[in-house]
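This report concerns only the one structure given below.
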Amino acid sequence: MTDHVIRLNGVSKRFGSLTAVDDVTVDVPAGRCFAWLGPNGCGKTTLIRMMLGLARSNAGTIEVCGYNVPAQTADALANVGGIVEEPRFYPYLTGRANLQVWAKHYGPEAAARIDHCLDRVGLIERADDTVKTYSLGMRQRLGVARALLNDPKLLILDEPTNGLDPAGLAEFRDLIREFVDEGRSVFISSHILGEVQKMADDVAIIQHGKMVAFGSVDELVNAGKQKIYARTSDAETAAKHIDGSPGIGLVTADEHGGLTIEVEQVSDDLLKFVGKALYDNNLPVFSLYPIHETLEQRFLDLTDGEVSL
Amino acid sequence: MIDLLPAEFKRQIGRKGSFYGSMVWVGLFGLGVLIWAIVSSTSTGDVAVESGTGLITFAVILAAIVVGATAGSYDVAEGTMRYLVLTGRPRWQLVIVRVLALPVTVTLIALPAIGLTLLASSIAGGVAPSGTEVFDLFYSPLMSGLLYGILSLAIGMFLKSNGVAIAVAVVLNFAGLLIAGLIYEFVSRDLANGFFPIVASVVIEREATTGADETLSLGTSIVILIVWLVALVGASLGRVQRAEY
C-alpha cells in the first residue's frame, strides 16, 4: 500500500447542470482516521460513491489503495469495506444470514469471520433476529460488521454515526480508534462535528462540491480566529482602552460586561496585557480566559454558517 | 459464480411473501383439482392431469412474473445492490446468478401443486394419464415459469420499485399477446410470429402453431425464443454494467 490510501486528483461529477463534486484534489494518509465534512447535499456521498466505483466521475483520477478506480475497481474493493448513504440489508433475513449472503460474495475466509465481526460490533446476541427488528443504530453496527467481512485495509463509512445514541456514539468512537490502532485506515463522512473532532486525525471540509479546507483537526481548529474573553463592570469603557493595541483585533462588548477580543495568537502575554489594561483603568476583572474554537465553529466559519445539523 | 447460488436462493426463497404466497397461490389450483377428483363421480386420472396442467401453468406464469420481477428489482429498490457491487464481484455475475436461481425457485413453487395433481389423478382412478400427459404436467408449468420468470426478471432489472416492476411485468406479459395479435392483423404476420408470447406458447405446448396461411414450426420457435432470452439477459447485463448505485 502507498503512504496515501486514497488519492483524488481534480475529481468532478456533474448531474446535468449541477456540479456535485467540483475539482477535488486530496491525498488521504494511510493508517489514520480521515473525516469528510460538509453541509447536507454538498457532494460527500457522491464522492464516496465514485471512490467505490459505484458512480463514474466526469473528470479527474481516483486511486484507492494504490489501484485506479474505475479501471482496477475490483482490486481496490478487495481492500475496502464500506457503508454508503445508509446500511441496507435484507430485512426478512437475520443479521447472521445477511452477513452469510455477503460472505458468499467475498469467499470462505469472510464466512469464517462472521461471528468475529458480529462480536466486534456488539451484535452477537441479536445475530439470529431478523434485521427488520433492528433499530437504526443496530443496522449501522451491522453495516460496520459487513464492512469488516473482507478484513479491509480501508474502511469508508458514510455518516456511520446516524441513529446512534450517546452510549453508542462513545462505543463507535472507540471502535474507530481500535481500527486505526490495528493499522487500518478509516474514511468517514459525518455532520456530527463534535464526534468527528474526537475521533478523526485529519479533516477535509467540502462545500458546494468544492474542498474548502484540509488538514489535521488541530491545524484546522487552530487556523481559526483566536479569541480572549473578559468580563468586567463596564465593557464599553474597557473596549476603548484595549482596542487598537498591538496584537489585538476586533473587540466586541456586550451588555452584560462581556468583552470578546479577537487576537492574532492567544498567549500568556496577551492575557496579562488585557488583565493589566482593565486593572490600570480601575475596571474589575470578573473573568478572563482564552476561547478555544471548536471544529464546529471552524466548520461554520468556513462554510459561512451553511450547515444542516 | 456457482458459489453465489446459495446466497441467491436465500434471497429469493427468503422473501417469504412472494415465495410462499406464490406457492400457496399455485397450490390452490392443485388443491382444486384434488377436491374435484375426490367429490366428482366422473373424474378420471387422465382428465385430472390434463386439467391440472392447464390450471397450474396459468398460476405458475403469474407467480413467476411476481417472483421474477421482484428478483430483478429488489436489490436496487431496497438499496442492497450497491453493497453487492462493493464486494468486487463482477456485475455480470450478479445478474446471471439470478437467472440461474430462478428456475429452481419456480420449481419449488410449482412442485406442491404438481404433487397434489398427481395425487388427484391416482384418487380419481379410471383412465390413467399417459406418460406424455404426466410429462406435460411437469414440463408445461416449469417451462412457462422459466420463460415468463426470465422475461419479468429482465423487466425488473430496469425498474427501481418492486411494485412497479411487478405491475409493468404483468401488463407487458399479458399485453404482449394483445400487441402480437394486433401486429398479426394489421402489420405483419411474420413479425407477430416472432413475438415472445407466440414463440413461448409454441415451445410450452411443443406444437407448431398454424395461422391462417402460415405455420410457425417448433424448431423456429425455439431459435427465436433463444434469441429473445439472450437479448433479455443481455439487456439486463448492459443495464447493470452501466448503472450507478
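Each value in this text was obtained by applying a stated rule to the coordinates, not by laboratory testing. Note that the coordinates shown come from a computational prediction; the quantities given were computed from them, not determined experimentally. Glycine also receives a Cβ, built like all others from the backbone with ideal geometry; neighbour counts cover every protein chain displayed.
For chain B, the direction-averaged projected area of the alpha-carbon convex hull comes to 14.4 nm².
Taking 0.36 nm per residue of separation and subtracting the Cα-Cα distance, what length does fully extending A:Asn281 through A:Glu236 add?
On the way: separation 45, 0.36 × 45 = 16.20 nm, distance 1.24 nm.
Fully extending the segment from A:Asn281 to A:Glu236 adds 15.0 nm.
Of the GluC sites (Glu not before Pro) found in segment A:166-234, those that fall in a DSSP loop while having at most 16 other beta-carbon atoms within 10 Å are A:Glu182.
Modelled spin labels at A:Lys225 and B:Ile38, positioned 7 Å past Cα toward Cβ, are 8.5 nm from each other. Between 0 and 90 degrees, rounded to the nearest ten: what's the tilt of helix B:162-186 against the longest Cα principal axis of chain B? Compared with the principal axis, the helix lies near 60 degrees.
Which whole-angstrom value gives the distance between the alpha carbon centres of segment A:72-144 and segment B:100-123? Measuring centre to centre over Cα atoms gives 35 Å.
Can you show me the helix-derived [θ] at 222 nm for chain A, built from DSSP H runs with n ≥ 4 at -39,500 (n - 2.57) apiece and divided by the number of residues, rounded to the nearest 500.
-10000 deg cm²/dmol
Here the peptides A:295-301, A:161-167 are ranked by packing, the mean other Cβ count within 10 Å, and the order with the highest first is A:295-301, A:161-167. Screening chain A for whole DSSP H helices of 15 Å or more along their axis (Cα) with average Kyte-Doolittle hydropathy at least -0.5 returns A:136-148, A:166-181, A:268-280. Think of the protein assembly as shown as a dipole: +1 on every Lys or Arg Cβ, -1 on every Asp or Glu Cβ, centred on the Cα centre; then among A:Tyr279, A:Val196, B:Leu153, B:Leu153 lies furthest on the positive end. If R0 is 35 Å, the Cβ-Cβ spacing of A:Gln265 and A:Gln72 corresponds to a FRET efficiency of close to 0.15.
Straight-distance candidates among the lysines for linking to B:Lys10, with alpha-carbon spacing under 19 Å and chain neighbours fewer than 8 residues away dropped: A:Lys104, A:Lys132.
With both labels modelled 7 Å from their Cα along Cα-to-Cβ, the B:Ser188 to B:Phe135 distance reads 3.5 nm.
For B:Leu31, project a label point 7 Å along Cα to C-beta. Then give me every residue of segment B:87-106 with its amide nitrogen under 13 Å of that point. Those under the cut-off are none; the list is empty. Other protein chain C-beta atoms within 10 Å of residue C-beta, averaged over A:54-61: 2.
Averaged across the residues of B:234-244, what count of C-beta atoms belonging to other chains lies within 10 Å of each residue's C-beta?
Values: counts 0, 0, 0, 0, 0, 0, 0, 0, 1, 2, 8.
Counting other chains' Cβ atoms within 10 Å and averaging over B:234-244 gives 1.
Given charges of +1 on the Cβ of Lys and Arg and -1 on the Cβ of Asp and Glu, with all other atoms neutral, how large is the dipole of chain A about its Cα centre, in debye to the nearest 20?
Details: 30 positive and 43 negative charges, 235 e Å.
Roughly 1120 debye for chain A.
Of the trypsin sites (Lys or Arg not before Pro) found in segment B:67-133, no site is in coil according to DSSP while having at most 15 other Cβ atoms within 10 Å of its Cβ. Each principal axis of the Cα atoms in chain A has its own extent, and those three values, largest first, are 77, 45, 34 angstrom. In a simple Cβ point-charge model (Lys, Arg +1; Asp, Glu -1; nothing else charged), the protein assembly as shown has a dipole of about 1100 debye relative to its Cα centre. Applying 1/(1 + (r/R0)^6) with R0 = 35 Å to the Cβ-Cβ distance of A:Ala59 and A:Glu178 gives a FRET efficiency near 0.40.
Helix B:16-39 axis versus longest C-alpha principal axis of chain B: approximately 10°, rounded to the nearest ten. Distance from the alpha carbon centroid of segment B:174-245 to that of segment A:164-238 works out to 61 angstrom. For A:Ala213, the amide hydrogen comes within under 5 Å of the amide hydrogens of A:Ile205, counting only partners 5 or more places away or on other chains and with H modelled in the peptide plane. For chain B, the longest principal axis of the Cα atoms and the long axis of helix B:91-124 meet at an angle of about 10 degrees. State, to one decimal in nm, how far the label point of A:Thr133 lies from the label point of B:Phe158, with both points 7 Å from Cα in the Cβ direction. Label-label distance for A:Thr133 and B:Phe158, simple model: 4.1 nm. Each of the peptides A:40-51, A:7-18 was scored by the mean count of other Cβ atoms within 10 Å over its residues; in descending order, highest first, they stand as A:40-51, A:7-18. Inter-chain Cβ neighbour count for B:77-83, averaged per residue, equals 6 (cutoff 10 Å, partner chain atoms only). The antiparallel fraction among DSSP beta bridges confined to the protein assembly as shown stands at about 70%.
Legend: calculated FRET efficiency, A:Asp3 to A:Thr252, from the Cβ-Cβ distance at R0 = 35 Å, rounded to 0.05, equals 0.20.
Relative to the compact-globule scaling 2.2 N^0.38 Å, provide the ratio for the alpha-carbon radius of gyration of the protein assembly as shown. List each step's numbers first, then the result.
Numbers: Rg = 32.9 Å, N = 554, 2.2 N^0.38 = 24.3 Å.
Rounded to two decimals, the normalised Rg is 1.35.
Averaging Cα coordinates gives a centre for segment B:59-83 and one for segment B:151-172; these two points are 8 Å apart.
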